[in-house]
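Structure first, commentary second.
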Amino acid sequence: MNHFKLTLAVLGLLLVVLTAGGLAMLGWRQRERARGVALEERRAASVERLSAEKSRVARQRAAHPPIVRFLNAWQPHLVGPGPVRSPGAGMRTILEELAQRKLGLITDQVTTPEPVSLLVAGRPVLVQRVNLRASGENLNALLTWLGEAEALYPYARVEFCEIAAGTGKGVSVRLALAQPLPKTNEERATR
């Protein structure tokens, strides 16, 4: 009879262990199902956000196609080799040299504030503004200077251009340009 009690006790203990293991497995499965449902809900929300962002970008591109085409066409030229030290000073120097040496014009009132970030078609673009005035006696020389400036900086945006008659035969032009700056290595790394 002792063997019977011992066998019964071992079977009872085995039943308790199997029942506890089954309950633990059932609890684990329920937690995994809940976790799977939560992950699926987060994935669905992410897909929805991504879809909304894609449609927003598509609306922006549809609303501003010339600007987007312009930025895409010049993107390779805007990505430079490294940080820009003084882009405004370089641009100003080239335009002044062009005006003075090649065309005999006088430049003054030159300002180059710090680069600023403008929002163009929903994209932030870092630009350097340059304001200057050139004057001379020959309207053709001024217009040639403007054409040369456009050829040197084809993707610069003319924000302001005023041609005015001065005293006597004098003519002057006031010009404000916004030149997109190349991306630095750090900016390219964050994209």
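Where a number appears in this text, it was derived from the coordinates with a stated rule and is not lab data. Keep in mind it's a predicted model, so treat the numbers as computed, not measured. Every residue, glycine as well, gets a Cβ built from its backbone with ideal geometry; the counts of neighbours run over all protein chains shown.
Order 40-49, 119-128 from most to least packed using the mean count of other Cβ atoms within 10 Å.
Ranked from most to least packed, the peptides come out as 119-128, 40-49.
Could you work out how much longer the chain between Leu6 and Arg42 gets when fully extended? Use 0.36 nm per residue separation minus the Cα distance between them, nm to one decimal.
Residue separation times 0.36 nm, minus the Cα-Cα distance, leaves 7.6 nm.
What does the extension gain come out to for Ile106 and Cys161, with contour length at 0.36 nm per residue minus their alpha carbon separation?
Fully extending the segment from Ile106 to Cys161 adds 18.1 nm.
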